[in-house]
Amino acid sequence: MLIDCPWCGPRSVEEFTYRGDGTLKRPALSDRSIDAANAYVYDRENPAGDHMEIWHHGNGCRSHILVKRNTLTHKILSCELLGPYSAGRKK
Ligand SMILES: [Zn+2]
């Protein structure tokens, strides 16, 4: 599987580390519910189909990338940078 890093171009998945679900939203600081905190930390879906994932290019530019990947075919549908350099940097 190749991931098209916005900085480095297509690279082998072996250069990357999966960092988690890209759809999770941290509960607001005002939400002191233990259930919301537990859901954010532990509850995960196992979707069949298109899914947003966070990958870290540790053996490359060290960027975190938001990858849209089909979990059935492993086809990469889009890649974009996360963080302060992300504006307008998509592939
Ligand atoms: Zn890279």
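Tabulated data for the structure shown
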quantity	calculated
For the chain, with +1 on Lys and Arg beta carbons and -1 on Asp and Glu, the positive-most of PRO6, VAL67, THR17 along the dipole	PRO6
Residue order, fewest to most surrounding Cβ atoms within 10 angstrom, among SER12, SER78	SER12, SER78
Surrounding net charge for HIS56, when Lys and Arg each add one and Asp and Glu each subtract one, Cβ distance under 9 Å	+2
Residue-averaged [θ]222 nm for the chain, counting only DSSP H segments that reach four residues, each worth -39500 (n - 2.57)	-3000 deg cm²/dmol
Quotient of Cα Rg and 2.2 N^0.38 Å for the chain, N being how many residues it contains	1.19
Per-pair calculated FRET efficiency, R0 = 30 Å: MET1 and CYS61 via Cβ, rounded to 0.05	0.95
Net lengthening on full extension, GLU14/TYR42 (0.36 nm per residue, minus Cα-Cα)	7.5 nm
Ranking of LEU2, LEU81 by count of other Cβ atoms within 10 Å, fewest first	LEU2, LEU81
Amide H contacts of ARG19 (H built 1.01 Å from N, under 5 Å, at least 5 apart or other chain)	ILE54, TRP55, HIS56
Rounded to the nearest 20 debye, dipole of the chain from Cβ charges on Lys, Arg, Asp, Glu	300
Neighbour-count ranking [beta-carbon atoms within 10 angstrom, fewest first] of TRP55, TRP7	TRP7, TRP55
Across the chain: Cys residues that no other cysteine approaches within a C-beta distance under 4.7 Å	CYS61, CYS79
The range 1-48, dipole about Cα centre (Lys/Arg Cβ +1, Asp/Glu Cβ -1), debye to the nearest 20	160
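Coordinate-derived values only; no laboratory data. Just so it is clear, the model here is predicted, and its values are computed rather than measured. Neighbour counts are summed over all protein chains in view; Cβ atoms, including those assigned to glycine, are modelled from backbone coordinates with ideal geometry.
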